[in-house]
Structure formats: structure tokens, C-alpha cells
Amino acid sequence: MASAPASGGDLAVIGAAGKTGTALVSALAGRSSVRRVVHTARRTGDRAVDLETGAGLIDALSGCRGVYFIAPNVHPDEPALLRRVLVAAVEAGVEHVVYHSVAWPYTPEMPHHLDKARCEDMLHTFGGVRWTVLQPCAYAENFGAVLDGSVDTLEVPYDLDAPFSFVALADVAEAAARVLVEGAAVHHGATYELGGPEAIGVRQLCEQALRPMNPTRISVAEWEDRYAQSLSGDARTRLAAMFDFYDRHGFVAGSAQLRGLLGRAPLGVAELVRAM
Ligand SMILES: NC(=O)c1ccc[n+]([C@@H]2O[C@H](COP(=O)([O-])OP(=O)(O)OC[C@H]3O[C@@H](n4cnc5c(N)ncnc54)[C@H](OP(=O)(O)O)[C@@H]3O)[C@@H](O)[C@H]2O)c1
């Protein structure tokens, strides 16, 4: 990345220990001083916060010039979490909040997408802080165990040929790092859609795995029975709505803005597998 950092202050990543946050913290290594803002502290220097109450947020963000907010997956009330982050960011004097949204946020049939649309609106209108939105499509790494050959079966509850613009998480993290490091002076007011370079179904994705295989379609009820036992009722309802939407429409997104942020073509699934 050739971009010059904005001056002064740490960068904070909220959700730093999760799948997305881990990739972003790696992409930021060597570019800035980074605060891992987490729920459960695991390493020296981790800042523990509770997004459900806001406890610890102001301390965790004080002295930071930029904050990247990654909400827990399919949370029942993501706008309430973002509001706490924004209140704390303003109180702590943070210049720039980057929000990890999703492609197609305004999709009323998918409640967790719609919550992200509400979050984007809150960012636009909150005041007191400058902002940027990143809208990734589905990560190819959601199928990581298939791609790297560590499993030889896959069951999904939607059309195996519904098209997705699977995006490499490392590319999303690289783009996010650039936005966070360059800061509000370059990226305030921007919304970047981050899709991968192709639109393919899960069947085609599986054909490109290290050990190519045939996925199986199951019903949403079977999926809930086999894979969702530990999830809350709310999360199951949200995911069922998502699967129903995927089945009928797929989930495609443009890659031009990601290409611009990376300064190169985003990785396709085959390239991602070759790099494993
Ligand atoms: N997967 C995709 O394809 C995709 C695509 C686009 C957008 N997204 C979005 O990406 C976001 C993150 O997904 P992910 O899979 O990276 O999430 P994840 O791995 O589940 O990580 C979420 C993090 O949230 C933290 N957390 C949970 N409850 C908390 C609380 N009360 N206070 C503070 N932190 C708390 C956890 O911290 P601890 O580990 O410290 O407990 C966890 O590390 C979601 O909003 C999702 O919608 C995902």
C-alpha cells in the first residue's frame, strides 16, 4: 500500500478478536499503532469493552484518531451498539469512525442487512465525527474449510447455483486498513462496496477447492436442526431469512471500488485457493 498515514494517534479496531477483526489487525501491522478492542481480553494491551452497555468504550477509544467498528455477527440490535460506539467516539475526541457494513444493506427481507442500513443512516446523521462505510459481500473464507480441503462435505440451505461475488477476507482487510490509515481527510463521506471479481454459486466454488467436491442442498429446517442448535431464536430467524433471500436472488456486488482501494485486481476464488 503506497498511501501515507494521517498524522498522530492510535487506530482502534472494535471486534479485533473476531474473524474480520483478526484479518484487519494483521493488515494494519507495521502501519500504525493499533488497539485491539475486544470483549474478552486475551493479550497484553487488549482493551476489554462491553458493547451491550458501553462499559470501557470511552477509555478504549481515548487518544485514538480512527476507529473501525465491527459488530458481532447477526446481533439482535446492531444500531444500539453503533450508537454506543458513536457516543463514546465523540466523547473521546475520535476524528474518524469506519463502519463495517455489508453489500446491499437496504434489503428489507433480510433483517440483519436492514439493521446495517439503519446504522449507515445513523452515521450520516449523528454529527460530531467523520465517517466511512465499507460494504463487503460474502467472504470466500466462510467456506475456508472446503477451500483448503479440510472437509469433504458441505450442506447449504439455498440454491447451489445462486450467484455470489465471494470476496477474499484478506482483500477486505487490506482495503479497510488503507481507509483507516489514510483517515477522514481522504475517506470522509465515502461508502465503498467490496465485492469479489466474479459471480459464482457455491457449487462452482466447491469445484475450485483444493479437493474439489459436490455440495448438497438441504432445507432450512434441516440446517437449523444440524447447525443452529447453539444460536438464539433471533439469530436463527435472521439467518433463515438470509438463506431464503440467497435462494431467490443470490448476493452479488461490484468489485471496482475494491480494485481502486487495493490498486490491483481483487482475488478470485481460484487464486485464493492457489495461495493456501
Ligand atoms: N462473514 C461474512 O461473509 C460477512 C460479510 C459482510 C459483513 N460481515 C459482517 O462482519 C461482522 C463481523 O463478523 P465476524 O464473523 O468477523 O464476527 P465474529 O468473528 O463473530 O467476531 C465478533 C466479535 O464481536 C465481539 N463481541 C461479541 N459480543 C461483544 C460485546 N458484548 N462487547 C464487545 N465485543 C463483543 C467478540 O469479541 P470476543 O472474541 O473478545 O468475545 C468477537 O470477537 C458482522 O457484523 C457481519 O455482519 C460478514
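The values are calculated or read from the model by the stated rules, or taken from the named source; none is laboratory data. Just so it is clear, the structure is predicted and the values come from calculations on it, not from any experiment. Neighbour counts run over all protein chains shown; Cβ positions are idealised from the backbone, glycine included. The accessibility values were calculated without ligands, DNA or RNA, using every heavy atom of the protein model including side chains. Shrake-Rupley method; radii C 1.70, N 1.55, O 1.52, S 1.80 Å.
I'm checking my understanding of the structure. Among residues of the stretch 259-276 that are touching a helix residue (DSSP H, G or I) at 6+ places or on another chain (Cβ under 8 Å) and under 12 Å from Ser165 (Cα atoms), which one is surrounded by the most Cβ atoms within 10 Å (Cβ to Cβ)?
Ranking the qualifying residues of the stretch 259-276, first place goes to Pro266.
A quick yes/no check of all residues on (1) open to solvent by less than 10 Å² (accessible area, probe 1.4 Å); (2) touching a strand residue (DSSP E or B) at 6+ places or on another chain (Cβ under 8 Å):
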site	(1), (2)
Met110	yes, no
Glu120	no, yes
Gly127	no, no
Pro136	yes, yes
Asp148	no, no
Leu169	no, yes
Gly196	yes, yes
Arg203	no, no
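When you scan the stretch 208-258, how many residues do you find that are in contact (Cβ under 8 Å) with a residue 12 or more places away in the chain, of a type in the set (Gly, Ala, Ser) and in a loop (DSSP other than H, G, I, E, B)?
Of the residues in that region, 7 qualify.
Conditions first: (1) within 11 Å of the ligand (Cβ to nearest atom); (2) in a helix (DSSP H, G or I); (3) of a type in the set (Val, Ile, Thr). Thr40 passes all but one, so which condition is the exception?
So the condition that Thr40 fails would be (2).
Within the set of pairs 6+ apart or on separate chains, which have a first residue in the stretch 156-172 that is free of Cβ contacts under 8 Å to residues at least 40 places away in the same chain, a second that is within 14 Å of the ligand (Cβ to nearest atom) and among the charged types (D, E, K, R), and C-beta atoms under 6 Å apart?
Nothing qualifies.
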